[in-house]
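Scroll down for the structure; my scribbles are underneath it.
The values are calculated or read from the model by the stated rules, or taken from the named source; none is laboratory data. Nothing here was measured: the structure is a model prediction, and the numbers come from that model. In this analysis, Cβ positions are derived from the backbone assuming ideal geometry, glycine residues included, and neighbour counts consider all displayed protein chains.
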């Protein structure tokens, strides 16, 4: 199984660290965020990667090369800074490299996740798309995912309003997906689109089978300086 890592972020909330390097290359405990993500995937047998790049791509390509020194293989795709295509649109150039079920994740999230078990769950449910979902407390969640007793997703709300939320926590999109190749049929090739805002609601409307894989474990979105500090204090190196 191949993994696409969307790694084009500018990391504006991590300035000045990202003035000269892209967000995926920001250091956490001696290694770039992207390297930690690669090592997690590799520990579960994933060794074929596509990096979808945009901002300062040469910093990433110079560091990782073809992936050989990390025990993996890497292909690269590129999008223009002048026309970013969103989290879903960014994977369109990777379509020629995909020949079956594949993984998509983003290069700014550190987590503990049993990817092997998630893949087993995806195969067992024969899901069109399986989403890692995590329990999130606090106000203003980025997303809210609701699912039935079999973990089939019944509702996906991006940027939910307070009236949509009941209780102290929500299950939120963990930005790690196992996808059927046919998902490319639902991603517009010529305009920006996001998985959460556009694609997953479209798939639910088309009655495609989406399942949530819920976990309560470690999850840090390294999108700002506060979370970067937390990551350096809590993330265990591999």
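Points worth noting:
- Meets criteria (surrounded by 19 or more Cβ atoms within 10 Å (Cβ to Cβ), in a helix (DSSP H, G or I) and in contact (Cβ under 8 Å) with a residue 40 or more places away in the chain) for residue 41: yes
- Number of positions in the range 68-88 that are closer than 16 Å to residue 2 by Cα and either crowded, with 22+ Cβ neighbours inside 10 Å or touching a helix residue (DSSP H, G or I) at 6+ places or on another chain (Cβ under 8 Å) (or both): 7
- A count restricted to the range 2-34 and to residues that are surrounded by fewer than 17 Cβ atoms within 10 Å (Cβ to Cβ) and either in contact with a helix residue (DSSP H, G or I) (Cβ under 7 Å, 6 or more places away or on another chain) or on the phi < 0 side of the Ramachandran plot (or both) stands at 11.
- Boolean, residue 122 is crowded, with 19+ Cβ neighbours inside 10 Å and in contact (Cβ under 8 Å) with a residue 12 or more places away in the chain: yes
- Test: residue in the range 70-85 that is free of Cβ contacts under 8 Å to residues at least 12 places away in the same chain and assigned to a helix (DSSP H, G or I): no
- Scanning the range 210-227 for residues that are surrounded by 15 or more Cβ atoms within 10 Å (Cβ to Cβ), modelled with pLDDT of 90 or more and in contact with a helix residue (DSSP H, G or I) (Cβ under 7 Å, 6 or more places away or on another chain) gives 210, 211, 213, 222.
- Number of the condition not met by residue 181 [criteria: (1) modelled with pLDDT of 90 or more; (2) exposed (fewer than 12 other Cβ atoms within 10 Å of the Cβ); (3) over 19 Å from residue 13 (Cβ atoms)]: (2)
- On inspection, residue 106 does not qualify as over 24 Å from residue 189 (Cα atoms) and under 14 Å from the mean Cα position of the chain (by Cα).
- Any chance residue 105 is surrounded by fewer than 17 Cβ atoms within 10 Å (Cβ to Cβ), under 28 Å from residue 211 (Cα atoms) and in contact with a strand residue (DSSP E or B) (Cβ under 8 Å, 6 or more places away or on another chain): no
- Of all residue pairs spaced 6 or more apart or on separate chains, those with beta-carbon atoms under 8 Å, a first member in the range 86-98 that is in contact (Cβ under 8 Å) with a residue 60 or more places away in the chain and at negative phi and a second member that is crowded, with 18+ Cβ neighbours inside 10 Å and assigned to a helix (DSSP H, G or I) are 87/195; 87/196; 88/195; 88/198; 88/199.
- Unmet criterion (only one of (1) in contact with a strand residue (DSSP E or B) (Cβ under 7 Å, 6 or more places away or on another chain); (2) modelled with pLDDT of 95 or more; (3) farther than 23 Å from residue 34 by Cβ) for residue 131: (3)
- Single residue of 137, 124 found to be out of contact with any helix residue (DSSP H, G or I) (no Cβ under 6 Å at 6 or more places or on another chain) and modelled with pLDDT of 90 or more: 124
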